[in-house]
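Before any comments, here is the structure.
The values are calculated or read from the model by the stated rules, or taken from the named source; none is laboratory data. These numbers come from a predicted model, not from an experiment. Counting neighbours? That spans all protein chains shown, and the Cβs are built from the backbone with ideal geometry, glycine included. Areas reflect the complete protein model, heavy atoms only, side chains present, ligands, DNA and RNA absent. Shrake-Rupley method; radii C 1.70, N 1.55, O 1.52, S 1.80 Å.
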Amino acid sequence: MAKIVHKFTRDVPHWQPRVTPVNLEEATEAQLEALQVTPSNTKVSDYVLTLAHDVESLKVRSPLFNAIMYDKGGLGRAGREIGALAASMVNRCVYCAAVHAARHAQLEKSTELTDKLFEKGADADLDPRDRAIFDFARKLSDCPSQADADDMQALRDAGLDEDEILDLILSASLFGWANRLMHVLGDPVRTEVDA
Amino acid sequence: MSDIWTTTAVAAGGATEGGPASGAVGLRAKVMEMTRTAEDAVLAPADPGAWPHDLRAALAVRIARLNAAGDVAVRYAARMQGDEFAALADPAETGAALGLSHVVTFMDKVAARPRDIAAGDISALQAAGVADADIVRLCELNAFLAYQLRLIAGLKLMTGAA
């Protein structure tokens, strides 16, 4: 029986859609193209099949996500993951938070930062650079954004240059997008094996 | 590459060629270009499903206002061709007169309080007769706007336009 996961975790849950995903066998040509289904690649997640209901958005989504999270230069990958995680914590997207906390831990070869954040949230004791990055992303994720000139100055004081700051803005903003799909269209679940 | 300086995100964020933050924006030109493509995909899609372009524009204006981004609201409002859905641009309007209160309630909650969304919010749309594909379309519109409005808010802090 599948149980909904409500607590933040690095152990990535399964994502269960609240709407019916597109049936691959009934997909239109445009959907197949956006899904990048080829004879050698027929494995598509329920999440992507759900997004295939809006094929025009799906088509631009993957290249945009990859560019913001992985393109060279600017903020290092771990910093971008903190941006993604801060947004996911504000929006309580347990699934996205798990994926990006796990990636951060993997990149840094340490669970220290994500342990602290999951335990204490915004009150976690972080080093000055992580503190400035997390606080800015957290405040930018509110509606309306609560980030102000002091938060921007804190990033500069922590040593971030303009390229790094824009990358942080992009990763936190991108998860304002991702969270509103993942957290709204489905549930993070864990299958419990009955004894 | 076409002119990234005229895209909604870059222009509303106050970045101009050679001005503050322009080096960083230039480094991410591809991202800004794709952001424009994504904006067109949600505000003027070839297949709008149940949500005409004017309804999407009105909801975008509304959500920009919920985000205290009046200047961006003006940019989205410029996309409206007629006034059928214009009333929805006002965050105080419930949508009841247009038979769209279920859509407005959902969009406001996803925009402003996404953390409170639960399965019941989706089943309420389904009970009101909204097809699954159209639920996904609403979410994509809302999700993109969340991204673009935050990108603009952040850029404004970088450029000093805030």
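A few points about this structure:
- Given (1) more than 8 Å from chain B (Cβ to nearest Cβ); (2) closer than 30 Å to B:T105 by Cα; (3) surrounded by 14 or more Cβ atoms within 10 Å (Cβ to Cβ), number of the condition A:G121 does not satisfy: (3)
- Residues of the stretch B:52-77 classified as under 21 Å from B:L125 (Cβ atoms) and either more than 12 Å from every other protein chain (Cβ to nearest Cβ) or open to solvent by less than 20 Å² (accessible area, probe 1.4 Å) (or both), total: 11
- Residue list for the stretch B:145-162, restricted to those being closer than 15 Å to A:A87 by Cβ and either out of contact with any Lys or Arg (no Cβ under 9 Å at 6 or more places or on another chain) or more than 7 Å from chain A (Cβ to nearest Cβ) (or both): B:L145, B:Q148, B:L149, B:R150, B:L151, B:A153, B:G154
- Out of B:M34, B:M80, sole residue that is open to solvent by 10 Å² or more (accessible area, probe 1.4 Å) and assigned to a loop (DSSP other than H, G, I, E, B): B:M80
A quick yes/no check of all residues on (1) small (G, A, S); (2) in the same structural domain as A:V48 (by TED's automatic domain parsing); (3) at pLDDT below 95; (4) more than 19 Å from B:D116 (Cα to Cα):
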{"site": "A:T114", "(1), (2), (3), (4)": "no, no, no, yes"}
{"site": "A:D123", "(1), (2), (3), (4)": "no, no, yes, yes"}
{"site": "A:R138", "(1), (2), (3), (4)": "no, no, no, no"}
{"site": "A:D157", "(1), (2), (3), (4)": "no, no, no, yes"}
{"site": "A:L166", "(1), (2), (3), (4)": "no, no, no, yes"}
{"site": "A:I169", "(1), (2), (3), (4)": "no, no, no, yes"}
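- Residue satisfying all of: in the stretch A:91-112; open to solvent by 20 Å² or more (accessible area, probe 1.4 Å) and outside any loop (DSSP other than H, G, I, E, B); nearest to A:N179 (Cα to Cα) among these: A:Y95
- Whenever a residue of the stretch B:1-23 is free of Cβ contacts under 8 Å to residues at least 24 places away in the same chain and in a helix (DSSP H, G or I), its partners that are polar (S, T, N, Q) and open to solvent by less than 70 Å² (accessible area, probe 1.4 Å), lying with C-beta atoms within less than 9 angstrom and at least six residues away or across chains, give the pairs B:W5/B:S22; B:S22/B:T159.
- Failed item in (1) open to solvent by 10 Å² or more (accessible area, probe 1.4 Å); (2) within 14 Å of chain B (Cβ to nearest Cβ); (3) touching a Lys or Arg at 6+ places or on another chain (Cβ under 8 Å), with A:A158 passing the rest: (2)
- Residue list for the stretch A:130-148, filter: facing chain B (nearest Cβ under 9 Å), in contact (Cβ under 8 Å) with a residue 24 or more places away in the chain and of a type in the set (G, A, S): A:S141
- B:A112 falls short on exactly one of the conditions (1) surrounded by fewer than 21 Cβ atoms within 10 Å (Cβ to Cβ); (2) in contact (Cβ under 8 Å) with a residue 12 or more places away in the chain; (3) more than 7 Å from every other protein chain (Cβ to nearest Cβ), and that condition is (3).
- Test: residue in the stretch A:99-108 that is farther than 29 Å from A:P21 by Cβ and without any contact (Cβ under 8 Å) to a residue 60 or more places away in the chain: yes
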